[in-house]
Amino acid sequence: MTNNLFVYNTLTRKKERFEPINPPFVGLYACGPTVYGDAHLGHARQAITFDVLYRYLQHLDYKVRYVRNITDVGHLVDDSDDGEDKILKKARLESLEPMEVVQHYMNRYHQNMESLNVLPPSIEPRASGHIIEQQELIRKIMEAGYAYEVNGSVYFDVIAYNNNHPYGQLSGRKIEDLLSNTRTLDGQSEKKNGLDFALWKKAGPSHIMRWPSKWSEGYPGWHLECSAMSTKYLGMQFDIHGGGMDLLFPHHECEIAQNVAGYGQPSVRYWMHNNMITINGQKMGRSLGNFITLDQLFEGNHKILEQAYGPMVIRFFILQAHYRSTLDFSNEAMQASEKGLMRLMNSIAKLKSIQPSNSSSIDVDALAERCKKAMEDDMNTAKLVGHLLGGITQINNLAEGRETISEKELEKLINLYHSWVFSVLGLELPSASEKANEITGNLIEIILQLRSDAKLSRNFKTADRIRNELTKLGITVKDRKDGADWEIN
Ligand code: ZN
């Protein structure tokens, strides 16, 4: 099998020719969500990036095993080793069983992914279902002398590891700098060094998610699950490990250290990381008030949003940037994407109406070659989309009889658009129900605007009537200083 695919390897900081370890099989692992809250644009970008890679590798005739995990234990608040478990915290706040929290947000995540037309992975392992594998890896790391036990918890010994294997290669960090940037440990800490990270934590009395082990009743450290589960399903060495750039350090750096310490070798051949999404130029954060969930986007229900955006518009917006570039969300950018997607889909529909002639005045092969080259260059979906949009002029000329195309060439052109747009980029025509949802969201926004106009002109009778009518329809309206939030019950 030959291809000219080059991918940017975060580890070597170079574009490298993609050569699978065991062709035609490709092992692909991407870190999945920690399921304690609704998915947002950051989740969408990561999932869509590796969904397109998964689809593209299959398009190149590889047999891909795609593993994307679910983190349902061990990911602590602030990514620290001393904070509360994110899922336990949510469970405590909502008086739920931790596994109810997990199930609830996992279901919602799956719904969101389905809306975005993200294919389900081949295997979706959960951290809590692989405690034994994780304990086994801890045992191996301890045997190799790179971990130590204190009071029933086990920590990875970064200094001992770094004496034999360089730590920090993936993120380009030097141990000296890391050491000087790590706050000195107070007398309370069990760690030998601030850089050390937990492999196993002894559970406190109120910690519900706990499993027996030879060290203590406790739970695994967050980084451990990906080492244990990728090895279990993809083997000691596999082709591609993906994730968002926010996972590069410490999560992926620690993963490499765990694999080398426990199994004697690094497992990943190509590390690929997608860049982050900013909102109107700002980092996304709950405290900044710009934290938009996917459901809010689909419904247009957030004060930043001027309208609802369908899942395909979001997908198209994400694919219009190269996955390693930053991407800034704004209403203007989304509206431009919406127009672009509509133009693309309308042209694909037009292809059916074109009448073939005996000769061709357009060069389909040249367009096909440009598209292929764009994707071979580190999966440059931005360029690919540009070429596909560029071809629209020709499609219009063909539809209006200004250019001609033979039957064979027309078939090629139709295949080209179908395979890139639908199979690889995973775009689809919006379904009637999606369209209806989007319209509903936008209608509610219009009605609420009319209500706030009524309030401004002190017409409170109308304002109350609108609110009551919406309530009857099952739409709850919550007033804020500068407008209103709404929710469909
Ligand atoms: Zn991971």
* How about segment 318-341: which of its residues are out of contact with any Gly (no Cβ under 8 Å at 6 or more places or on another chain) and part of a strand (DSSP E or B)? -> Leu327, Phe329
* Does Arg17 satisfy being within 21 Å of Met312 (Cα to Cα), of a type in the set (D, E, K, R) and away from the ligand (no atom under 16 Å from the Cβ)? -> no
* Asked: Mind checking which residues of segment 58-75 are more than 16 Å from the ligand (Cβ to nearest atom) and either farther than 19 Å from Gly243 by Cα or not basic (Lys, Arg) (or both)?
  -> Gln58, His59, Leu60, Asp61, Tyr62, Lys63, Val64
* Asked: If you check Asp453 against the conditions, is it open to solvent by 60 Å² or more (accessible area, probe 1.4 Å), more than 30 Å from Met375 (Cα to Cα), outside the structural domain of Ala44 (by TED's automatic domain parsing) and assigned to a helix (DSSP H, G or I)?
  -> yes
* To do: Go through (1) free of Cβ contacts under 8 Å to residues at least 40 places away in the same chain; (2) assigned to a strand (DSSP E or B) and name the single condition Trp271 misses.
  => (1)
* Asked: Of all residues in segment 215-232, how many are open to solvent by 10 Å² or more (accessible area, probe 1.4 Å) and more than 13 Å from the ligand (Cβ to nearest atom)?
  -> 5
* To do: State whether one or more residues within segment 196-214 are open to solvent by 80 Å² or more (accessible area, probe 1.4 Å), within 16 Å of the ligand (Cβ to nearest atom) and under 15 Å from Gly129 (Cα atoms).
  => no
* Asked: Of the residues that sit in segment 20-57 and are at pLDDT 95 or above and of a type in the set (Phe, Trp, Tyr), which one is nearest to the ligand (Cβ to nearest atom)?
  -> Tyr29
* Asked: Tell me, which helices (runs of 4 or more DSSP H) lie completely within segment 18-134 with 1 or more residues that are closer than 19 Å to Pro220 by Cα and under 22 Å from the mean Cα position of the chain (by Cα)?
  -> 86-94, 98-115
* Looking at segment 285-304, which of its residues are modelled with pLDDT under 90 and of a type in the set (Ser, Thr, Tyr)? -> Ser287
* To do: Confirm whether Val102 is touching a residue at least 12 places away in the same chain (Cβ under 8 Å), in contact with a helix residue (DSSP H, G or I) (Cβ under 8 Å, 6 or more places away or on another chain) and not acidic (Asp, Glu).
  => yes
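The values are calculated or read from the model by the stated rules, or taken from the named source; none is laboratory data. Note that this is a predicted model, so its numbers are computed, not measured. Note that each Cβ is placed from the backbone with ideal geometry, even for glycine, and that neighbours are counted across all protein chains shown. The area values use the complete protein model at the heavy-atom level, side chains included, leaving out ligands, DNA and RNA. Shrake-Rupley method; radii C 1.70, N 1.55, O 1.52, S 1.80 Å.
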